[in-house]
Amino acid sequence: MLQILRIIGFGALLLGAASSAHAKPDKILIDAAVIEQVKSWLSAPVVGITLDSQNQRYEEIGQADILKLDKQWRAERNDNQQPLIASTLNNPLSIYLTQIQAISGGLFTEIFVVNKKGLNAGQSSITSDYWQGDEAKFQKTYDVGPKAVFIDEPELHEATQTWRAQLNLTLVNAKGKSIGAATVEINLTELDRRRTTKR
């Protein structure tokens, strides 16, 4: 009986250690230094050039056509023919964002940039939809103003058992005018590990 209790106690100890390893980190980890780092690589010319082009292209687009494009994107995710997805993923901005994600060493798990209509302009991977204008990531950044920053609540990524949170911010041109928005999903578990290692 004593041996069983010892085994149970040891198991509980291991469970507690595992739980603490996957404890939900505070989104405060995404501090001013992280935000400035993200802003620095989002200031690359390819971001502004792509958004200027996309904003001109979709300047007159109406809501019905926005929803039509979004519907097309969703359908293409399950189709062999993916002209809209392919044209977005293969543009210079998407290639740049994919490179940024790759060299982050697992810190950034998804990056995408949208134009002033909330339509995808560039991304590091295929998003579930094409139009982000109806979501908080856009409404709490671009719709608020040029200095807006919105950090969403952390969520557990089941496949990797890591905590992630989205950093969202308005993108501006050299004159400080809003031209779009960006979403950067940050691996909080990895960010916390790096901070702990430095201590």
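The values are calculated or read from the model by the stated rules, or taken from the named source; none is laboratory data. In this text, all values refer to a predicted model and were calculated from it rather than measured experimentally. Don't worry about glycine lacking a Cβ; one is built from the backbone with ideal geometry, like all the others, and counts go over all protein chains shown. With ligands, DNA and RNA removed, areas are computed over all heavy atoms of the protein, side chains included. Shrake-Rupley method; radii C 1.70, N 1.55, O 1.52, S 1.80 Å.
Out of Ile66, Ile61, Ile49, which single residue is modelled with pLDDT of 95 or more, touching a Lys or Arg at 6+ places or on another chain (Cβ under 9 Å) and either part of a helix (DSSP H, G or I) or open to solvent by 40 Å² or more (accessible area, probe 1.4 Å) (or both)? The match here is Ile66. Every condition in (1) open to solvent by less than 50 Å² (accessible area, probe 1.4 Å); (2) at pLDDT 95 or above holds for Ile28 except the one numbered (1). Exactly one residue out of Ala148, Ala165 is among the small types (Gly, Ala, Ser), touching a Leu at 6+ places or on another chain (Cβ under 8 Å), surrounded by 16 or more Cβ atoms within 10 Å (Cβ to Cβ) and within 23 Å of Arg194 (Cα to Cα): that is Ala165.
Taking the criterion of being without any contact (Cβ under 8 Å) to a residue 12 or more places away in the chain, closer than 29 Å to Pro154 by Cβ and not hydrophobic (A, V, I, L, M, F, W, C), the residues of the range 75-104 that qualify are Gln99, Ser104.
Taking the range 69-84 as the range and being assigned to a helix (DSSP H, G or I) and among the acidic types (Asp, Glu) as the test, the residues that pass are Asp70, Glu76.
Pairing residues of the range 171-199 that are farther than 24 Å from Tyr58 by Cβ with residues that are at pLDDT below 95, at Cβ distances under 6 Å and at least 6 apart in sequence or on separate chains, gives Leu188/Pro25; Asp192/Pro25. Per the listing Phe138, Phe150, the residue uniquely assigned to a helix (DSSP H, G or I) and modelled with pLDDT of 95 or more is Phe138. Going by what's in this entry, would Ser53 be described as within 20 Å of Gln101 (Cβ to Cβ) and of a type in the set (Ser, Thr, Tyr)? No: the conditions fail for Ser53.
Tell me, yes or no, whether the range 61-75 has at least one residue that is within 30 Å of Asp192 (Cα to Cα) and touching a strand residue (DSSP E or B) at 6+ places or on another chain (Cβ under 7 Å).
Keep residues of the range 61-75 that are within 30 Å of Asp192 (Cα to Cα), which gives none.
Checked the range 61-75: no residue is within 30 Å of Asp192 (Cα to Cα) and touching a strand residue (DSSP E or B) at 6+ places or on another chain (Cβ under 7 Å).
Identify all residues within the range 120-129 that are buried (at least 24 other Cβ atoms within 10 Å of the Cβ) and either touching a residue at least 60 places away in the same chain (Cβ under 8 Å) or of a type in the set (D, E, K, R) (or both); write none if there are none. Hits for the range 120-129 are Ala121, Gly122. Only one of the numbered conditions (1) open to solvent by 90 Å² or more (accessible area, probe 1.4 Å); (2) within 30 Å of Arg193 (Cα to Cα) is violated by Asn90, and that is (2).
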